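Worksheet: the structure to be examined is printed underneath.
The values are calculated or read from the model by the stated rules, or taken from the named source; none is laboratory data. Quantities reported herein were computed from a predicted structural model and do not represent experimental measurements. Cβ sites come from the backbone with ideal geometry, for glycine too, and all protein chains shown count toward neighbours. Note: areas computed on protein heavy atoms with side chains; ligands, DNA, RNA excluded. Shrake-Rupley method; radii C 1.70, N 1.55, O 1.52, S 1.80 Å.
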Amino acid sequence: KGTIKVTGVSKVYDNGVVGLDNINLDIAAGEFVVIVGLSGAGKSTLLRSLNRLHDVTEGSIEIDGQDITKASGKELRNMRRNVAMIFQNYNLVKRATVSRNVLSGRVGYYGTWQSAFGLFTKEDQERAVQSLTRVNLLDKYYTKARDLSGGQQQRVGIARALMQEPAVFLADEPVSGLDPKTTKVVMGDLKRLNEEDGLTVIANLHSIDLALAYATRIVGLRGGKLVYDQPIENVKETD
Ligand code: ADP
Ligand code: ADP
């Protein structure tokens with residue numbers, strides 16, 4: 001679980017801007033792929049496509065053999081459950097507690113009658129405890145998200161994403177704006193999930209040094225095109 005096959009994917013935005021241009025990418029379960037490229041290269045567009053936060057214009061994206069570009073309704077929800085995402089700005093509810101933020105990652109919760117009252121099952125709460133333990137933040141369970149540092153907020157984002165028990169983990173600029181020490185902690189969390197749980201990780205990063213330190217494979221984008229794709233052992237710093 002956790003394979004991704006991108007075939008001939010292009011994304012043209014409504015205003016005519018080409019976000020992605022004929023991308024082909026085959027990712028095996030357990031890879032740690034880092035996507036590098038300048039601002040505007042199409043990195044976020046690619047990640048958003050993999051989670052179907054938007055539709056692509058052309059091509060197919062198979063997650064574990066199922067094409068998410070054609071799925072709808074229940075089928076799409078089931079596929080999405082497999083693919084978790086964290087964001088550059090963390091996307092937490094700042095005035096809510098850490099536990100509430102993490103619990104909100106439980107798939108299928110919103111829209112149930114329980115959600116109107118903020119009721120969670122014992123099982124959900126146990127899973128939230130486990131998720132927070134994975135990122136070493138269990139002691140912040142009752143803390144409000146706004147009282148955490150940026151790095152801690154991103155780790156809460158990781159814990160929230162873990163609530164859906166994903167096979168694929170997408171990280172869109174997860175450490176931009178964090179200091180080097182905090183960056184190491186957040187990247188270390190992602191690396192542990194990759195190595196210990198076998199999650200496929202795909203992260204957009206600005207820094208080539210970070211890519212070299214954590215990736216098993218580096219993919220380069222430029223102007224929406226895939227211009228580089230190498231396993232880490234083949235990467236030379238002069239590339
Ligand atoms: P980044 O370079 O970190 O991906 P951007 O500044 O390019 O961030 O984009 C920030 C937000 O603005 C994103 O949600 C993106 O979808 C949107 N956006 C970027 N470029 C355009 C554009 N040309 N027209 C409309 N929205 C855009
Ligand atoms: P990156 O993540 O590498 O910075 P993006 O994927 O955000 O690049 O953007 C790729 C291109 O698509 C850029 O030219 C950007 O301005 C454009 N773009 C991104 N989001 C939107 C949007 N919502 N509407 C229109 N254009 C967008």
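Out of segment 18-71, which residues are among the acidic types (Asp, Glu) and on the phi > 0 side of the Ramachandran plot? Quick ask: steps written out before the conclusion?
Residues of segment 18-71 that are among the acidic types (Asp, Glu), as a first pass: 21, 26, 31, 55, 58, 62, 64, 67.
Residue satisfying the conditions is ASP64 alone.
Filter segment 38-57 down to residues that are near ligand 1 (Cβ under 10 Å from one of its atoms) and either surrounded by fewer than 16 Cβ atoms within 10 Å (Cβ to Cβ) or more than 22 Å from ALA84 (Cβ to Cβ) (or both), then give me how many there are. Reasoning before the result, please.
Pass one, segment 38-57, residues near ligand 1 (Cβ under 10 Å from one of its atoms): 38-45, 47-48, 53-54.
Restricting the remaining residues to those that are either surrounded by fewer than 16 Cβ atoms within 10 Å (Cβ to Cβ) or more than 22 Å from ALA84 (Cβ to Cβ) (or both) gives 38-41, 53-54.
Total satisfying the criteria: 6.
Let's see how each residue does on (1) touching a residue at least 60 places away in the same chain (Cβ under 8 Å); (2) surrounded by fewer than 21 Cβ atoms within 10 Å (Cβ to Cβ); (3) in contact with a Pro (Cβ under 8 Å, 6 or more places away or on another chain); (4) within 30 Å of SER207 (Cβ to Cβ):
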site: LYS122; (1), (2), (3), (4): no, yes, no, no
site: GLN125; (1), (2), (3), (4): no, yes, no, no
site: GLN130; (1), (2), (3), (4): no, yes, no, no
site: ASN136; (1), (2), (3), (4): no, yes, no, yes
site: ARG146; (1), (2), (3), (4): no, yes, no, yes
site: SER149; (1), (2), (3), (4): no, yes, no, yes
site: GLN152; (1), (2), (3), (4): no, no, no, yes
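For LYS5, are the conditions met, namely being out of contact with any Lys or Arg (no Cβ under 7 Å at 6 or more places or on another chain) and open to solvent by 80 Å² or more (accessible area, probe 1.4 Å)? Quick ask: steps written out before the conclusion?
Numbers: out of contact with any Lys or Arg (no Cβ under 7 Å at 6 or more places or on another chain): yes; open to solvent by 80 Å² or more (accessible area, probe 1.4 Å): yes.
Yes, satisfied.
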Considering only residues that are open to solvent by 20 Å² or more (accessible area, probe 1.4 Å) and either away from ligand 1 (no atom under 16 Å from the Cβ) or assigned to a strand (DSSP E or B) (or both), which ones fall in segment 11-35?
LYS11, VAL12, VAL18, ASP21, ASN22, ASN24, ASP26, ALA28, ALA29, GLY30, GLU31
The one condition in (1) open to solvent by 50 Å² or more (accessible area, probe 1.4 Å); (2) of a type outside the set (Lys, Arg); (3) in a strand (DSSP E or B); (4) within 15 Å of ligand 2 (Cβ to nearest atom) that GLU62 fails to fulfil
(4)
Before we move on, is GLY2 closer than 30 Å to MET187 by Cβ, away from ligand 2 (no atom under 12 Å from the Cβ) and assigned to a loop (DSSP other than H, G, I, E, B)?
yes
Which members of segment 168-216 meet the condition of being outside any strand (DSSP E or B), more than 16 Å from ligand 1 (Cβ to nearest atom) and hydroxyl-bearing (Ser, Thr, Tyr)?
THR182, THR183, TYR214, THR216
Condition first: away from ligand 1 (no atom under 16 Å from the Cβ), within 12 Å of GLN153 (Cβ to Cβ) and touching a strand residue (DSSP E or B) at 6+ places or on another chain (Cβ under 9 Å). Now tell me which residues in segment 79-95 satisfy that.
LYS94
